[in-house]
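Handing you this structure, nothing more for now.
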Amino acid sequence: MAIQELLEQGFLLEVVESLTGLEYYIIQTDINGQPLRLSITEELYNFYEEEKMIANRLSNWNRNHRDMRELEHILVVDDYARARERMIREQRTRDMLDGIAQVLKTCTPIEQRRFALKFVKGYTYVEIAHSEGKSEASVKESVYKVRRKINKLETL
């Protein structure tokens, strides 16, 4: 039986100290479940031990690297998904800003200025009205007209 087959079948190694020195055995259960001991040389024992260590290292390496490959896959897929979502959000933002720019082109200069003061500069309706010498109601109406046009754009 080849060493690789012994490794795959799960043979155990045993070293027994006897009056004549050390004795080396490979132990496996037979078809009846009884232990079967096969005497081997020290060289074969050492070779088998080395093969067993190599097989264990390879198994551990495969397990560790499989975990790393899974982690890399998760990270790559996750990064891709997040990047894709970010790109979609950025594109929607660009589209919305383009739409707002188009809407503003259809507005009067007063409506454009009031909308910009309210939503770009962050002024209150009272501040805008005071700076223009107009009523708060007229400022709200102008800004509302622009917002209504933008809302129509959003529903398309």
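Pop a pseudo-label 7 angstrom from the Cα along the beta-carbon direction at both Leu22 and Leu97 and give the gap in nm to one decimal.
For the pair Leu22/Leu97, the computed spacing is 7.5 nm.
Starting from the Cα of Thr155, step 7 Å along the direction of its Cβ; do the same at Arg113; then give the gap between the two resulting points in nm.
3.1 nm
Can you list the lysines whose alpha carbon is less than 24 Å from that of Lys149, not counting same-chain residues fewer than 8 positions off?
Leaving aside lysines fewer than 8 places away in the same chain, those within reach of Lys149 are Lys105, Lys118, Lys121, Lys134, Lys140.
Let me ask another. With θ taken as phi - 60° and the coefficients 6.51, -1.76 and 1.60, list the Karplus ³J(HN,Hα) couplings across the stretch 80-96 in order, rounded to whole Hz; mark glycine and proline as x.
4, 5, 5, 5, 5, 4, 4, 5, 5, 4, 5, 5, 4, 4, 4, 4, 5
By the scheme Lys and Arg +1, Asp and Glu -1, what is the net charge of all other residues having a beta-carbon under 13 Å from that of Glu23? Write down the numbers at each step before the final one.
Numbers: positive: Arg37; negative: Glu14, Glu17, Glu42.
Computed value for this residue: -2.
Compute the FRET efficiency between Arg147 and Asp79 as 1/(1 + (r/R0)^6), taking r as their Cβ-Cβ distance and R0 = 25 Å, and round to the nearest 0.05.
0.10
Okay, moving on. Compute the signed sum of charges (Lys and Arg +1, Asp and Glu -1) over the other residues within less than 12 Å, Cβ to Cβ, of Ile88. Before the final figure, lay out the partial values.
Working: positive: Arg82, Arg84, Arg86, Arg89, Arg92, Arg94; negative: Glu85, Glu90, Asp95.
Around Ile88, the charge tally is +3.
Related question: Tell me, in nm to one decimal, what length is gained between Glu127 and Asn56 on full extension, where the rule is 0.36 nm per residue of separation less the Cα-Cα distance?
On the way: separation 71, 0.36 × 71 = 25.56 nm, distance 7.66 nm.
Length difference between fully extended and current span is 17.9 nm.
If amide hydrogens are placed 1.01 Å from N in the peptide plane, which non-local residues have theirs closer than 5 Å to the one on Thr29?
Under 5 Å from the amide H of Thr29: Leu36.
FYI, it's all coordinate maths here, none of it is from the lab. The structure displayed is predicted, hence computed values, not measured ones. Glycine gets a Cβ as well: all are built from the backbone with ideal geometry, and neighbour counts include every protein chain shown.
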